[in-house]
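Notes follow once the structure below has been shown.
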Amino acid sequence: MSTPFAIRSSLLHCRRDPGLAGERAAIEAIDDALTLIDGERIAAVAPASALLPTLGAEVTILDRRGQWLLPGFVDAHVHYPQVDVIASYGAQLLDWLDRYTFPAERAFADLAHATAAAEFFVDRLLENGTTTAAVFCTVHPGSVDALFTASEARGLGLIAGKCLMDRHAPPGLTDTPESGYRESKALIERWHGHARSRYAITPRFAPTSSDAQMRAAAQLAREHPDVYIQSHLAENRAELAWVAELFPGHRSYLDVYEHYGLLRDRALYGHCIHLDDADRARLSVTGARPVFCPSSNLFIGSGLYDLRQALAAGNTVALGTDVGGGTSYSMLRTLGEAYKVQQLLGTSLTPAYSLYLATLGGARALGLDDEIGSIAPGKFADLALLDPQATPLLARRSGQREDPLDTFFAMMTLGDDRAISETWVAGRSVHRRGRTGERLR
Ligand code: GUN
Ligand code: ZN
């Protein structure tokens, strides 16, 4: 068991949902804070002046004054096999899948390739201060083993699953309703609840699963009510038209998933751009969660996700990078893009709600807000330390005003992995800027 230690820094997190308007009282900012960590968990948080005198001599104090301690970020939608697909030119969704994504994913039949990609991916999460993520693997069960092996070695709690896809994909990238069911079931038994890992039943999206496979996915979901479901929904207009052809007679794309029993609590749907009021109402009633993926939606040209509309309908929204459709693993950059998308829709996303989306709100959408998402005693010490001086421009801009939320806004607009100086997972330092890959604490 490691000895207790404390981080002395500024601190910023959400106590609760600040709402889109960004209620200030929902945010806690402490200029000179001490966060005491004992083993995997946070033991105490308070102004340094109050906590310092109570600490025993055995507690090491890391002096990080001038930097901001935040809860580690939650990326609710990302594809680890797409590390080599990021920044692929000139295609919208369906062409992009055929031209870039499917060819790249075929290589994951090879466990050595999957293992190397998983290690690389997990280190990118950590250097960006992301400590929880819901991750798509490929159709190959070994791709899931590779990812959870890499994430557990770093103490991370990832949610992940093998893609179910039995049609409209190239050879080497399909399963069958039976094999997909059997392989997913074995992976659930191996990984769900092992260390901090959790499994997600992952029908890739409706076009790549037959009726029989959708039924098999729903059967798995019924047999494992505490397992996650993740998929894609209403991302692109051509995709919508294709789904209407493949599954005739449904009121909407969302209705296809609902018909099979795949909308429920712990079900995460990437994108959800082209929904109507009835769809948004069904998300709220069933407890399924939309994941806003702004950099991907812009890069693939999919559309503008209207956060105000989603929240007005009572949806619990999370935020995702969606790399390789997305263009950065940084949740700061993802928030910067989210801000611009909402600006185009006439809403200025508040810094407080932005912070919430990337931390406590993401945790809540994943049903993990009792474990992660804020800096509170009893929660996992999954933490990111942000440096407002990380670049000359950031230092100059963040020095302009005293407000911590303004500093956060500057970091989400100008920052990226350079602004993450240190990341802890379950109390262990797993990244220090410039020292990724070294074993630290
Ligand atoms: N829809 C089905 N598969 C994918 C994928 O890999 N990325 C994105 N952005 N959308 C998808
Ligand atoms: Zn995706």
Notebook entry, point to check: Restricting attention to segment 114-163, and to residues there that are of a type in the set (Phe, Trp, Tyr) and touching a helix residue (DSSP H, G or I) at 6+ places or on another chain (Cβ under 7 Å), which single residue is nearest to GLY415 (Cα to Cα)?
Noted result: PHE121
Notebook entry, point to check: Taking segment 337-352 on its own, how many of its residues are open to solvent by less than 10 Å² (accessible area, probe 1.4 Å) and touching a Pro at 6+ places or on another chain (Cβ under 9 Å)?
Noted result: 4
Next item on the list: For segment 90-97, state whether one or more residues are away from ligand 2 (no atom under 14 Å from the Cβ) and more than 23 Å from GLY270 (Cα to Cα).
Entry: no
Note to self: Could you go through segment 362-373 and let me know if any residue there is surrounded by 24 or more Cβ atoms within 10 Å (Cβ to Cβ), of a type outside the set (Lys, Arg), touching a Leu at 6+ places or on another chain (Cβ under 6 Å) and part of a loop (DSSP other than H, G, I, E, B).
What the structure shows: yes
Checklist line | Residue check, VAL285 under 26 Å from ALA21 (Cβ atoms) and free of Cβ contacts under 8 Å to residues at least 12 places away in the same chain | finding: yes
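Could you run through segment 184-210 and say how many residues are more than 22 Å from the chain's Cα centre (by Cα) and touching a residue at least 12 places away in the same chain (Cβ under 8 Å)?
If we filter segment 184-210 for residues that are more than 22 Å from the chain's Cα centre (by Cα), which is where we start, we get 185-186, 189-190, 207-210.
Cutting the leftovers down to touching a residue at least 12 places away in the same chain (Cβ under 8 Å) gives us 185-186, 190, 207-210.
Result for segment 184-210: 7.
Going residue by residue through segment 228-247, is there one that turns out to be more than 15 Å from ligand 2 (Cβ to nearest atom) and under 25 Å from ALA186 (Cα atoms)?
Within segment 228-247, not a single residue is more than 15 Å from ligand 2 (Cβ to nearest atom) and under 25 Å from ALA186 (Cα atoms).
From LEU304, LEU332, LEU311, LEU283, which residue is among the aliphatic types (A, V, I, L, M) and within 16 Å of ligand 1 (Cβ to nearest atom)?
Among LEU304, LEU332, LEU311, LEU283, only LEU304 is among the aliphatic types (A, V, I, L, M) and within 16 Å of ligand 1 (Cβ to nearest atom).
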Notebook entry, point to check: Taking LEU319, is it more than 16 Å from ligand 1 (Cβ to nearest atom) and either farther than 24 Å from ASP265 by Cα or touching a residue at least 24 places away in the same chain (Cβ under 8 Å) (or both)?
Noted result: no
Margin query: So if I check each of ALA117, ALA109, which one is under 20 Å from the mean Cα position of the chain (by Cα), among the small types (Gly, Ala, Ser) and at pLDDT 95 or above?
Written below: ALA117
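Identify, from the list LEU275, LEU240, the residue that is open to solvent by 10 Å² or more (accessible area, probe 1.4 Å), under 22 Å from GLY362 (Cβ atoms) and touching a helix residue (DSSP H, G or I) at 6+ places or on another chain (Cβ under 7 Å). Write out each step before concluding.
Numbers: LEU240 fails: under 22 Å from GLY362 (Cβ atoms).
Selected residue: LEU275, the only one of LEU275, LEU240 that is open to solvent by 10 Å² or more (accessible area, probe 1.4 Å), under 22 Å from GLY362 (Cβ atoms) and touching a helix residue (DSSP H, G or I) at 6+ places or on another chain (Cβ under 7 Å).
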Note to self: Just to verify a result, which residue in segment 299-343, among those that are hydrophobic (A, V, I, L, M, F, W, C), more than 13 Å from the chain's Cα centre (by Cα) and more than 14 Å from ligand 2 (Cβ to nearest atom), is nearest to VAL78 (Cα to Cα)?
What the structure shows: ALA338
Next item on the list: State whether one or more residues within segment 303-325 are of a type in the set (Asp, Glu), in a loop (DSSP other than H, G, I, E, B) and under 23 Å from THR138 (Cβ atoms).
Entry: yes
Note to self: Looking only at segment 182-218, count every residue that is touching a Pro at 6+ places or on another chain (Cβ under 8 Å) and among the charged types (D, E, K, R) and tell me the total.
What the structure shows: 2
Notebook entry, point to check: Could you give every pair whose Cβ atoms fall below 7 Å, whose first residue belongs to segment 379-399 and is closer than 12 Å to ASP416 by Cα and without any contact (Cβ under 8 Å) to a residue 60 or more places away in the chain, and whose second residue is open to solvent by less than 40 Å² (accessible area, probe 1.4 Å) and of a type in the set (A, V, I, L, M, F, W, C), counting only separations of at least 6 or pairs across chains?
Noted result: ALA390/ALA419; LEU394/ALA410; LEU394/MET411; LEU394/ALA419
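Please go through segment 1-29 and pick out each residue that is part of a strand (DSSP E or B) and within 26 Å of the chain's Cα centre (by Cα). Quick ask: steps written out before the conclusion?
Kept after step one, since they are part of a strand (DSSP E or B), are these residues of segment 1-29: 5-14, 27-29.
Hits for segment 1-29 are ILE7, SER9, SER10, LEU11, LEU12, HIS13, CYS14, ILE27, GLU28, ALA29.
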Item checked: Given (1) out of contact with any Asp or Glu (no Cβ under 6 Å at 6 or more places or on another chain); (2) away from ligand 2 (no atom under 16 Å from the Cβ), index of the condition ALA48 fails -> (1)
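The values are calculated or read from the model by the stated rules, or taken from the named source; none is laboratory data. Note that the structure is a prediction, hence the values are computed from the model and not measured. Don't worry about glycine lacking a Cβ; one is built from the backbone with ideal geometry, like all the others, and counts go over all protein chains shown. Heads up: the accessible areas ignore ligands, DNA and RNA and are worked out on the full protein's heavy atoms, side chains in. Shrake-Rupley method; radii C 1.70, N 1.55, O 1.52, S 1.80 Å.
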